[in-house]
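To start, the structure itself, in structure tokens.
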Amino acid sequence: MDTLDSDTVVSLDPDQPFWERFYMVAPLVVIGTQNDDDTYNLAPKHMASPMGWSDYFGFVCTPRHKTYRNAVAQDVFTVSFPKPSQVVLASLAASPRVGPPEGPRRKPSLDQLPTRAATEVEGVFLEDAYLFLECEVERRVDELGENSLLIGKVQAVHVDKKALRVSEQSDNKTLRETPLLAYLPPNRYASIDSANAFPFPAGFEK
Ligand SMILES: Cc1cc2nc3c(=O)[nH]c(=O)nc-3n(C[C@H](O)[C@H](O)[C@H](O)COP(=O)(O)O)c2cc1C
């Protein structure tokens, strides 16, 4: 079998950082966790996904981040899926911390973020997002390089009524009225307000 055509394809060194050399499509979520002083933390993550068809959701986070330490300490986290109109709010949640090196170091930008309380777990959501998950930490996979995968079991799901799919006919209307926020790492985002039906093969079953 022929190998990839070196006239059109370049091979990168996997031992060197390579994810920033091209674009991909990712979601953008805001993870909520509780600090040890009863205040809450919010931080954006794009390496995040359902973990299968059932009630698991995972995200990748470095243990250097408060999000990881809080989720591991409290065993719960929330997930908010912001709308494109909230991209600045999601970004603000990644503002640098201020304070003495030996702590407590705060993220003052969080004071600007409107929040709503979760119902099943101790936590908050980003207000006006379109999808909200409340998760209990189920397991974690550490030492994926400098990162870890935190997997939660979903305890509650809340969806903006306008984002809820009610019939196939209304799918495009739903997207038009409630566009989705896509993150294109490492530095772009897109608002998706239309999409084509996927050309599933005849007889396809998931
Ligand atoms: C658009 C965007 C996407 C991000 N995605 C991730 C991610 O998937 N995983 C991660 O560990 N950090 C990610 N970060 C960085 C952190 O979430 C961010 O630095 C945050 O402030 C860490 O805060 P914390 O210490 O409160 O957890 C992302 C930042 C931005 C701006």
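The values are calculated or read from the model by the stated rules, or taken from the named source; none is laboratory data. Note that the structure is a prediction, hence the values are computed from the model and not measured. Reconstructed Cβ throughout: ideal geometry from the backbone, glycine too, with neighbour counts over all protein chains shown.
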Restricting the first residue to the stretch 50-62 and requiring it to be of a type in the set (Phe, Trp, Tyr), which pairs with a second residue that is near the ligand (Cβ under 6 Å from one of its atoms) meet a Cβ separation below 8 Å and a spacing of at least six or different chains? PHE59/LYS45; PHE59/MET47
Quick check on the stretch 31-46. Is at least one of its residues surrounded by 11 or more Cβ atoms within 10 Å (Cβ to Cβ), farther than 25 Å from GLN112 by Cα and either free of Cβ contacts under 8 Å to residues at least 40 places away in the same chain or not hydrophobic (A, V, I, L, M, F, W, C) (or both)? no
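Here are some residues: LEU150, LEU144, LEU181, LEU113. Which one is within 13 Å of the ligand (Cβ to nearest atom), in contact with a helix residue (DSSP H, G or I) (Cβ under 7 Å, 6 or more places away or on another chain) and closer than 19 Å to VAL72 by Cβ?
Working: LEU144 fails: in contact with a helix residue (DSSP H, G or I) (Cβ under 7 Å, 6 or more places away or on another chain); LEU181 fails: closer than 19 Å to VAL72 by Cβ; LEU113 fails: closer than 19 Å to VAL72 by Cβ.
Only one candidate passes the filter, namely LEU150.
Residues are listed down the side, and each one gets a yes or a no for (1) surrounded by 11 or more Cβ atoms within 10 Å (Cβ to Cβ); (2) modelled with pLDDT of 95 or more; (3) not charged (D, E, K, R):
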| position | (1), (2), (3) |
| --- | --- |
| PRO96 | no, no, yes |
| PRO101 | no, no, yes |
| ASP111 | no, no, no |
| VAL124 | yes, yes, yes |
Pick from the stretch 47-70 the residues that are surrounded by 21 or more Cβ atoms within 10 Å (Cβ to Cβ) and within 8 Å of the ligand (Cβ to nearest atom): which of them is farthest from LEU144 (Cα to Cα)? ASN70
Boolean, LYS153 is within 27 Å of ALA117 (Cα to Cα) and touching a strand residue (DSSP E or B) at 6+ places or on another chain (Cβ under 8 Å): yes
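Residues are listed down the side, and each one gets a yes or a no for (1) in contact with a helix residue (DSSP H, G or I) (Cβ under 7 Å, 6 or more places away or on another chain); (2) in contact (Cβ under 8 Å) with a residue 24 or more places away in the chain; (3) within 11 Å of the ligand (Cβ to nearest atom):
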{"residue": "VAL72", "(1), (2), (3)": "no, yes, no"}
{"residue": "PHE77", "(1), (2), (3)": "yes, yes, yes"}
{"residue": "PHE81", "(1), (2), (3)": "no, yes, no"}
{"residue": "GLN86", "(1), (2), (3)": "no, yes, no"}
{"residue": "ALA90", "(1), (2), (3)": "no, yes, yes"}
{"residue": "GLY103", "(1), (2), (3)": "no, no, no"}
{"residue": "SER109", "(1), (2), (3)": "yes, no, yes"}
Across the stretch 137-148, the tally of residues that are surrounded by fewer than 16 Cβ atoms within 10 Å (Cβ to Cβ) and not basic (Lys, Arg) stands at 6
Output the number of the condition that ALA94 fails; it satisfies all remaining conditions of (1) touching a residue at least 24 places away in the same chain (Cβ under 8 Å); (2) outside any loop (DSSP other than H, G, I, E, B); (3) within 22 Å of LEU150 (Cβ to Cβ). (2)
